[in-house]
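Structure first, then comments.
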Amino acid sequence: MVRNPLTSEQIEAGRRLGRLLRDARADRDLGEVANAAGMSPETLRKIETGRLPTPAFGTIACLSEVLDLPIQDLAAAWRNNPPLEAAS
């Protein structure tokens, strides 16, 4: 199966998602968060830096849980809509 190249909008969405995850992780150790979410530290690093702009839903769901970050906020970051609390 050949995958279509990502659009510039998808790449930017991945960067927004990565920033939100990195901010939510704050000063927690990247390796510990990655391990708790069931992934390698390198995978989490790639997501946070935008080098993996379209992670699997299961990956995002696990990170949402580990970081105590509502999955709706992650979806909003992807769509470029601020979370409701931030919009007020």
Matching residues in region 24-34 (under 13 Å from ASP68 (Cβ atoms), part of a helix (DSSP H, G or I) and either without any contact (Cβ under 8 Å) to a residue 40 or more places away in the chain or hydroxyl-bearing (Ser, Thr, Tyr) (or both)) number 1
Of all residues in region 1-20, count the ones that are part of a helix (DSSP H, G or I) and not aliphatic (A, V, I, L, M).
9
Region 58-79 residues that are touching a residue at least 40 places away in the same chain (Cβ under 8 Å), paired with ones that are part of a loop (DSSP other than H, G, I, E, B) (beta carbon under 6 Å, 6 or more apart):
LEU63/ALA37; ASP73/PRO83
Residues in region 4-21: is at least one modelled with pLDDT of 95 or more and of a type in the set (Ser, Thr, Tyr)?
no
Subset of region 35-50 [farther than 20 Å from ASP73 by Cβ and part of a helix (DSSP H, G or I)]
ASN35, PRO41, GLU42, THR43, ARG45, LYS46
How about region 43-84: which of its residues are farther than 20 Å from ALA13 by Cα and surrounded by 16 or more Cβ atoms within 10 Å (Cβ to Cβ)?
VAL66
Could you list, in sequence order, all residues of region 23-42 that are closer than 21 Å to ILE11 by Cβ and more than 11 Å from the chain's Cα centre (by Cα)?
MET39, GLU42
Only one of THR59, THR54 that is modelled with pLDDT of 95 or more and either part of a helix (DSSP H, G or I) or not aliphatic (A, V, I, L, M) (or both):
THR59
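The values are calculated or read from the model by the stated rules, or taken from the named source; none is laboratory data. Everything numeric in this text was worked out from a predicted model, so none of it was measured. No Cβ is skipped: glycine too gets one built from the backbone with ideal geometry, and neighbour counts run over all protein chains shown.
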